[in-house]
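First comes the structure, then the notes that go with it.
The values are calculated or read from the model by the stated rules, or taken from the named source; none is laboratory data. All values derive from a computational prediction rather than experimental measurement. Cβ: placed from backbone, ideal geometry, glycine included. Neighbour counts: every protein chain shown.
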Amino acid sequence: MKEVDMSYIDNQKNDKRVIRTEILFTPVLVALPICVGILFIYEWYTHSIIDSISGYFGMLILGIILIVGNIIFDIPFIRSLLRFFKKKKVN
C-alpha cells in the first residue's frame, strides 16, 4: 500500500478565526447577562419595594446570580484575550 500524505487544516488560520469570533462576541457575552441581571434587579425593586407586591424575591436572586456569575466567568475570559494581544504585539 502506498503511504498517503495526510493533509491537515492549517491551525494558524483556524486559530485566527476562533480569536476573531471571540472578539466579535465578547460584547454580547459580557454585556448582555449584566444588562439582564440589572433588569431583573430593577423589576424586583419597582414591583417589590415601590408597589409593595410580594413574590418578586426570585427576580432579585436571579439578577444577583447572573451578575456575579457573569463577572466570575468573564474576568478570566477577558484576561486571556488581553494576554493574547500582548503576546502577539511582542512577537
Name the residues in segment 12-24 that are surrounded by fewer than 11 Cβ atoms within 10 Å (Cβ to Cβ) and at pLDDT 80 or above, would you?
-> Arg20, Thr21, Leu24
What number of residues within segment 65-81 are exposed (fewer than 10 other Cβ atoms within 10 Å of the Cβ) and at pLDDT below 90?
-> 1
If you go through segment 47-64 one residue at a time, do you hit one that is modelled with pLDDT of 90 or more and acidic (Asp, Glu)?
-> no
In segment 36-91, what count of residues is obtained for those that are β-branched (Val, Ile, Thr), within 30 Å of Arg17 (Cα to Cα) and within 22 Å of the chain's Cα centre (by Cα)?
-> 7
